[in-house]
Amino acid sequence: MTAIEKASLIKDELERRYPNTSTFLKFQTDWQLLFAVVLSAQATDKSVNLATEKLFSILPELSDYTEENRDVIKSCIKNVGLSNTKTEYLIQEARILLEEYGGVVPRDREKLQKLPGVGFKSSGVVLAEYYGDPYIPVDTHVYRVTHRLGIVKDSLDPKGTELQLEKIFKVESRIHLHRQLILFGREVCHARNEECSLCPFTSICKYHNKKK
């Protein structure tokens, strides 16, 4: 079975299991999404949503994220981990957005990646979730699921994996597929103690068949 044939089978099954998805992070504006994505590094969506609910209520404007409010920001996000580093990221990002982009998150992946704390995956999440741009950002779940199923080459890193997935999957809403793959990784294809007995893809799964 070719990668494209596998992709079609996987897409149909994921659509059956997860017909409706929505973003895992809570936000109202472009910069709030950007901040939430930056905070989500090495943190759970639940912890980030709890932190941003408090953060955005106390500091509702982009212009609030200044050196003077460093302690307030750090206090709000302390439970997501790496609070010192992430506080610095938010302050720097707010300054750059206000000074260089008129307070608007640029719809440009290269420009986004120049912001502190924003990498290739994070920039893709922001652009796909907020603007609907055609990316399939690759986090640990997406990487694990797609590599185990053998859709992409083992040698590909997360960036290479995303680019390959975008060539293979011909879907209208790629961020929807991104979310579906994450949900499948969380519910079935765990990093440890994966539940192959619940998986509909065992017949085509390279990882499963290697274990036999």
The stretch 122-172 - charge dipole about Cα centre, Lys and Arg +1 at Cβ, Asp and Glu -1, debye rounded to 20: 240 debye
Could you run the Karplus curve 6.51 cos²θ - 1.76 cosθ + 1.60 with θ = phi - 60° over the stretch 190-201 and give me ³J(HN,Hα) per residue in whole Hz, x for Gly and Pro? 5, 5, 10, 6, 4, 9, 5, 5, 9, 8, x, 10
Measure nothing but the geometry: give the 0 to 90° angle between the long axis through the Cα atoms of 30-39 and the longest principal axis through the Cα atoms of the chain, rounded to 10°. 70 degrees
With +1 on the Cβ of every Lys and Arg and -1 on the Cβ of every Asp and Glu, and nothing else charged, how large is the dipole of the stretch 1-69 about its Cα centre, in debye rounded to the nearest 20? 440 debye
Of GLN32, GLY185, THR85, which is farthest on the positive side of the dipole of the chain, counting Cα position, with +1 on Lys and Arg Cβ, -1 on Asp and Glu Cβ, and the Cα centre as origin? GLY185
Cα to Cα, under 20 Å, and not fewer than 8 places away if on the same chain: which lysines meet these conditions relative to LYS26? LYS46, LYS54, LYS74, LYS78, LYS86, LYS121
Taking only Cα atoms, what is the 0 to 90° angle, nearest 10, from helix 83-100's long axis to the longest principal axis of the chain? 70 degrees
Which one of ASP45, ASP157, ASP30 has the biggest mean-square fluctuation once the chain is modelled by GNM with Cα springs under 10 Å? ASP157
Where a ≥ b ≥ c are the square roots of the eigenvalues of the C-alpha gyration tensor, would you call the stretch 56-127 rounded, which needs a/c under 1.5, or, failing that, prolate if a/b is larger than b/c, or oblate? oblate
What is the dipole size for the stretch 65-212, taken about its Cα centre, with +1 at each Lys and Arg Cβ and -1 at each Asp and Glu Cβ, in debye to the nearest 20? 820 debye
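Just from its helices, what would the mean residue ellipticity at 222 nm be for the chain, if runs of 4 or more DSSP H residues each count -39500 (n - 2.57) and the sum is divided by every residue, rounded to the nearest 500 deg cm²/dmol?
Details: 11 runs with 118 residues, N = 212.
Mean residue ellipticity at 222 nm (helix-derived): -16500 deg cm²/dmol.
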For helix 3-17, report the angle its Cα long axis makes with the longest principal axis of the Cα atoms of the chain; keep it between 0 and 90° and round to the nearest 10°. 70 degrees
Pairs of lysine residues in the stretch 142-212 - Cα separation under 27 Å, sequence separation of 8 or more or cross-chain: 13
The stretch 126-148 and the stretch 53-89 have their Cα centres apart by a whole-number Å value of 26 Å
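Here, each number is a calculation from the coordinates, and none is a lab measurement. Given the structure is predicted, the values throughout are model-derived calculations rather than measurements. Note that each Cβ is placed from the backbone with ideal geometry, even for glycine, and that neighbours are counted across all protein chains shown.
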